[in-house]
Amino acid sequence: MSHYKMVSFCSRPCPLCGGKDWKKAPFTERTFDDGKVAVFICKSCGMTPFFSTYDQSYEKLLKEKYYEEHFYSSSDVDGYSKIVQIMFEYIKLSRGSLESLSLLDIGCGEGFVLKTAKTLGFRKVFGIEPSRMEATKLTRLGYNVFSGLLEEYKQTDTNEKFDIITLVFVLDAMKDPVKALEKIRGLIADNGLLYIRLGSRYGTPLLYQKNFTLTKPNKYVASYHPYYFTRSSLANCLRVTGWEFEWLTNENCTHTTLMAKPIKPVPKEKLDMNADGVYQYFIKWRLFSSVKYSPLVQKLKKPLKKVLQLEK
């Protein structure tokens, strides 16, 4: 098993506001070996990472070891396929016909988005994927995929713009979500659409808890997705980089799905920074999720379901 160095985030400036004053959150997060690591909230803007993972060893892991040793989404093909189908339904509602549009999927992985997009008649389908193994597989299948990180793709001599850009379980795993959104802003067409799906409600720790019923593939989710967002911190990250919510929803309080349109970037001094509100939000959400998904409640639910089935 290849692990990478986990470093306390409080040694780094905030990616959103540049502040260096951090407040320890009222909860800890899991590590690879089920240990604990502190979570920090920026006192100025409420940005919430829980550790800095992004040294060269992490980039090497993404390119060479992530899918081989840590991630097995193929074990849930039906689940991923359903997520992608729902995504395109949302995009259709916003943009109508897809046949004349181009699509870029960042962090395309095993190609769920690319494969579905191709069947829907997009004019062009393109992906960016750091895993050399997955990028090579998709290329051999005839898909146009850049093997590398987003910042490496931006260093190429391309001026191409895309009508639709998707990030499915990717933004909260970025080295710097703010810089990433800024780079992505330069890749979107004037009337384009950005679709983002986070691994849990606003990226909060709901799905990452040790006591939540997790399958083996998800054991490492927390260690690869070190950013949490509230609606306000997510909105600030978008607005400062030239995006605005077009639509946002939560599915069963477990996944955040949003679409954003390009706007003129908003100066940081005009953003509504509410660090205290973020701190209180995480306290309430952690208490709620800990109670709702505690082992005791899970055990109580199982016999209750059986009783209900017998009554039918």
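Around the Cα centre of the stretch 109-205, unit charges on the Cβ atoms of Lys, Arg, Asp and Glu (plus for the first two, minus for the last two) sum to a dipole of about 280 debye.
Taking the highest mean first, how do the peptides 93-99, 177-183, 158-164, 125-131 order by number of other beta carbon atoms within 10 angstrom per residue?
Ranking the peptides 93-99, 177-183, 158-164, 125-131 by packing returns 125-131, 177-183, 158-164, 93-99.
Taking 0.36 nm per intervening residue step and subtracting the Cα-Cα distance, what contour gain separates Ser11 from Ile263 on full extension?
87.5 nm
Taking a point 7 angstrom from the Cα of Ala189 along the C-beta vector, which residues in the stretch 93-132 have backbone N less than 12 Å away? Only 95-104, 122-125 pass the distance filter. The Rg/Rh ratio of the stretch 113-159, with Rg taken over Cα atoms and Rh as the Kirkwood radius over Cα pairs, comes to 0.99.
A short reminder: the numbers here are calculations on the coordinates, not readings from a lab. Every value quoted in this text rests on a predicted model; they were computed, and no experiment measured them. Quick reminder, even Gly has a Cβ in these numbers, built from the backbone with ideal geometry, and neighbours come from all protein chains shown.
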